[in-house]
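The values are calculated or read from the model by the stated rules, or taken from the named source; none is laboratory data. Note that the coordinates shown come from a computational prediction; the quantities given were computed from them, not determined experimentally. Note that each Cβ is placed from the backbone with ideal geometry, even for glycine, and that neighbours are counted across all protein chains shown.
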Amino acid sequence: DIWSVDSPHFEGTIMETANVHGGAQAMPIYYDNTSAPGISEVDRTFTPGRNWTIEGVTTLVVHFRGEADNTGDLYVEINGVKVPYDGDPADIAGREWIAWEIDLASVGVSLTNITTLTIGIEGGQTGVLYVDDVILTR
């Protein structure tokens, strides 16, 4: 929380620099799903909308790694359509980087006007998930 005065990150950055997949920073998602509604999300809004079909794009890749005590179910939402993580649910607690490849044709949304991308964790307790190198590929 970089917005509250009590936060150690107040007026600073919460980006992770020690646990990265590529580049110099990764995005930590600190989550606490112990009370209703039991979901934690980060959102990216694209204005104007993006065309995810250019250059023959077919796949969204989300690189992530977790911490040993993490629990919960990982998902992404593309324009509000939820795509649950289809790998081993224990991967959210793994300390190795995982490349989650999402076949965009299977999502069921128009890929010519992407306006929102959400990464979320539902259920579980508390934890931190690191996300890096969210990319589109052919």
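Looking across segment 111-138, the residues that are among the polar types (S, T, N, Q) and either surrounded by 13 or more Cβ atoms within 10 Å (Cβ to Cβ) or closer than 16 Å to His63 by Cβ (or both) come down to Asn113, Thr115, Thr116, Thr118, Gln125, Thr126, Thr137. The condition of being within 16 Å of the chain's Cα centre (by Cα) and exposed (fewer than 11 other Cβ atoms within 10 Å of the Cβ) holds for only one of Glu96, Glu67, Glu77, that being Glu96. With the condition kept exactly as written, say whether any residue in segment 126-133 is farther than 18 Å from Val20 by Cα, in contact (Cβ under 8 Å) with a residue 24 or more places away in the chain and of a type outside the set (Ser, Thr, Tyr). There is no residue in segment 126-133 that is farther than 18 Å from Val20 by Cα, in contact (Cβ under 8 Å) with a residue 24 or more places away in the chain and of a type outside the set (Ser, Thr, Tyr). Determine if segment 11-25 includes at least one residue that is modelled with pLDDT of 80 or more, hydrophobic (A, V, I, L, M, F, W, C) and either assigned to a loop (DSSP other than H, G, I, E, B) or surrounded by 14 or more Cβ atoms within 10 Å (Cβ to Cβ) (or both). No, segment 11-25 contains no residue that is modelled with pLDDT of 80 or more, hydrophobic (A, V, I, L, M, F, W, C) and either assigned to a loop (DSSP other than H, G, I, E, B) or surrounded by 14 or more Cβ atoms within 10 Å (Cβ to Cβ) (or both). Being over 19 Å from Thr137 (Cα atoms), of a type in the set (Asp, Glu) and at pLDDT 95 or above is true for just one of Asp91, Asp69. Which residue is that? Only one candidate passes the filter, namely Asp91.
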